[in-house]
Amino acid sequence: MTDPARIDALGAMLLRHDGTSATAYVMALHRTGMAVEDIYLGLLAPTAQLLGQFWADDVCDFATVTLGLGQLRRIRESLAPHLVEGAPPPRPGGPSVLLSSVPGEQHAFGLEMVADFFRRAGWQTHCMPVRSIGDLTGLLRRTHIEVLGLTLGARQRMDLLAATIRRARQASRYRGLAVMVGGPAFIDHPGHAALVGADATAADAREAPVQAARLLRLLAERA
């Protein structure tokens with residue numbers, strides 16, 4: 001559940017570069033009983049989106065957004081152990097996922113949150129930025145990956161995403177590679193996932209591992 005007042009309050013602290021207050025504010029919510037996944041999805045994620053909107057509206061500069069996202073990342077890192085507490089450890093031969101942004105994307109905060117939810121679900125999880133399609137295809141050749149998750153911020157880069165997915169499928173060590181997409185470009189247009197050659201998308205980080213597991217079952221039934 002999102003609370004606009006909390007999002008605005010946290011966003012204002014980050015605009016002031018007041019990381020100490022921002023961290024204390026979020027941790028106080030956790031101590032008073034707010035579930036970690038609700039903090040992730042109802043506060044951290046929309047605050048990151050708010051920072052992006054501030055930049056788009058010229059409320060702040062890119063450096064402020066970068067610093068703000070850096071502080072959100074540090075908060076997430078403090079909360080992550082609580083999110084995955086009690087999670088089953090990844091088992092040998094269990095499902096594996098590689099999460100990455102499209103080459104050239106500047107921020108990967110949302111992707112890191114998605115990775116935490118996959119870890120909580122017991123997946124072998126690899127999360128890393130790539131600088132080029134070649135970097136990504138190299139990883140897929142070397143590593144057994146069953147699901148590739150790619151995030152995209154700007155719809156203007158759909159053609160690059162489609163090309164990345166084609167190259168990824170060609171290079172993958174695992175012939176049945178499933179591809180999921182997410183990010184701001186798909187929030188209001190989930191149907192665009194099929195247009196770029198992906199198999200599925202997910203509404204948020206909590207849904208992503210559920211959708212991925214469902215996708216693997218579906219592809220196995222078709223094989």
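The values are calculated or read from the model by the stated rules, or taken from the named source; none is laboratory data. As the structure is a computational prediction, the values presented were derived from the model and not from experiment. Cβ placement follows ideal geometry from the backbone for every residue including glycine, while neighbour counts extend to all protein chains displayed. Note: areas computed on protein heavy atoms with side chains; ligands, DNA, RNA excluded. Shrake-Rupley method; radii C 1.70, N 1.55, O 1.52, S 1.80 Å.
Numbers at a glance
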item	result
Number of the condition not met by Leu111 [criteria: (1) in contact with a strand residue (DSSP E or B) (Cβ under 7 Å, 6 or more places away or on another chain); (2) over 27 Å from Leu41 (Cα atoms); (3) of a type in the set (A, V, I, L, M, F, W, C); (4) touching a residue at least 40 places away in the same chain (Cβ under 8 Å)]	(2)
Identity of the residue in segment 52-66, closer than 17 Å to Ala185 by Cβ and of a type in the set (A, V, I, L, M, F, W, C), that ends up surrounded by the most Cβ atoms within 10 Å (Cβ to Cβ)	Trp55
Unique residue being open to solvent by 40 Å² or more (accessible area, probe 1.4 Å), modelled with pLDDT of 90 or more and basic (Lys, Arg) when the list is Arg76, Arg120	Arg120
Residues (within 14 Å of Val210 (Cα to Cα) and assigned to a helix (DSSP H, G or I)) located in segment 103-159	Val114, Ala115, Asp116, Phe117, Phe118, Arg119, Arg120
Residue in segment 175-192 that is open to solvent by 70 Å² or more (accessible area, probe 1.4 Å), assigned to a helix (DSSP H, G or I) and either charged (D, E, K, R) or at pLDDT 95 or above (or both) present	no
Pick from segment 11-33, criterion under 15 Å from Cys60 (Cα atoms) and in contact with a helix residue (DSSP H, G or I) (Cβ under 7 Å, 6 or more places away or on another chain), ranking: surrounded by the fewest Cβ atoms within 10 Å (Cβ to Cβ)	His17
One residue from Leu139, Leu150, Leu98, Leu161 being out of contact with any Lys or Arg (no Cβ under 7 Å at 6 or more places or on another chain) and either touching a residue at least 60 places away in the same chain (Cβ under 8 Å) or open to solvent by 10 Å² or more (accessible area, probe 1.4 Å) (or both)	Leu139
Of all residues in segment 34-49 being open to solvent by 40 Å² or more (accessible area, probe 1.4 Å) and of a type outside the set (D, E, K, R), the one that is farthest from Ile187 (Cα to Cα)	Ala35
From Glu207, Glu221, residue being free of Cβ contacts under 8 Å to residues at least 24 places away in the same chain and under 22 Å from Pro88 (Cβ atoms)	Glu207
Any hit, segment 63-83, residues being outside any helix (DSSP H, G or I) and more than 30 Å from Arg167 (Cβ to Cβ)	no
Complete set of residues in segment 34-77 that are among the small types (Gly, Ala, Ser) and touching a helix residue (DSSP H, G or I) at 6+ places or on another chain (Cβ under 7 Å)	Ala45, Ala48, Gly52, Gly68
Filter result (among the hydrophobic types (A, V, I, L, M, F, W, C), at pLDDT 95 or above and either closer than 22 Å to Gln170 by Cα or buried (at least 18 other Cβ atoms within 10 Å of the Cβ) (or both)) within segment 201-212	Ala208, Ala212
Any hit, segment 165-173, residues being under 17 Å from the mean Cα position of the chain (by Cα), surrounded by fewer than 18 Cβ atoms within 10 Å (Cβ to Cβ) and assigned to a loop (DSSP other than H, G, I, E, B)	no
